[in-house]
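Asks: Mind looking over this structure? Questions follow.
Taken together, the values in this text are just the output of simple stated rules run on the coordinates, not laboratory data. As the structure is a prediction and not an experimental result, all values here were calculated from the model. No Cβ is skipped: glycine too gets one built from the backbone with ideal geometry, and neighbour counts run over all protein chains shown.
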């Protein structure tokens with residue numbers, strides 16, 4: 001495939017990338033940046049594209065990987081942008097202090113609320129909270145799958161009413 005043919009195919013499929021970029025970033029300007037970076041990487045790596053394969057899937061993969069890498073990079077930086085005139089970067093860890101006591105109290109209150117639920121709702125909810133899937137809970141409790149889903153839903157609803165301040 002010639003470079004001109006490749007460029008034309010990539011440009012024709014660029015419109016399909018815009019909604020995906022917006023879905024990933026949830027911000028129009030960031031989506032434009034992501035789209036631009038994807039197009040740049042596609043053109044820069046044209047020799048890695050296998051002619052005859054799905055170009056859309058290749059472009060989506062490039063975009064998704066760029067988004068994931070940027071997300072990981074930003075989460076490791078732990079910086080906050082200051083909106084002052086000079087726009088300094090401030091290390092957010094210098095100003096925060098963890099308070100384990102407060103979170104422990106909240107967890108105790110949540111656990112207490114869970115164990116105050118009626119048995120019919122508490123048992124499936126605790127199993128679900130422990131990581132079991134709906135069908136595994138249904139097998140363990142020998143109940144229909146719909147019943148288990150309903151009981152977990154009602155348990156959440158009751159907990160939400162009891163724990164309104166969280």
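Asks: How do 128-135, 116-123, 35-42 rank on mean C-beta neighbours within 10 Å, highest first? Show your work: numbers first, answer last.
Replies: Details: 128-135: 12.1, 116-123: 14.4, 35-42: 17.8.
Order by mean packing, descending: 35-42, 116-123, 128-135.
Asks: Now for a different question. In what sequence do 70, 7 fall when counting other Cβ within 10 Å, fewest first?
Replies: Values: 70 16, 7 13.
Starting with the residue having the fewest Cβ neighbours, the order is 7, 70.
Asks: Work the Kirkwood hydrodynamic radius out for the chain: mean of 1/r over every pair of different alpha-carbon atoms, inverted, in Å.
Replies: The Cα-based Kirkwood calculation yields 21.1 Å.
Asks: Quick one: if the Förster radius is 41 Å, what FRET efficiency do residue 50 and residue 140 give, using the C-beta to C-beta distance and rounding to 0.05?
Replies: The pair residue 50/residue 140 has a calculated efficiency of 0.30.
Asks: In Å³ and rounded to a whole number, note down the convex hull volume per residue for the Cα atoms of segment 100-162. Before the final figure, lay out each step's value.
Replies: Numbers: hull volume 4.6 nm³, N = 63.
Cα-based convex hull of segment 100-162, divided per residue, equals 73 Å³.
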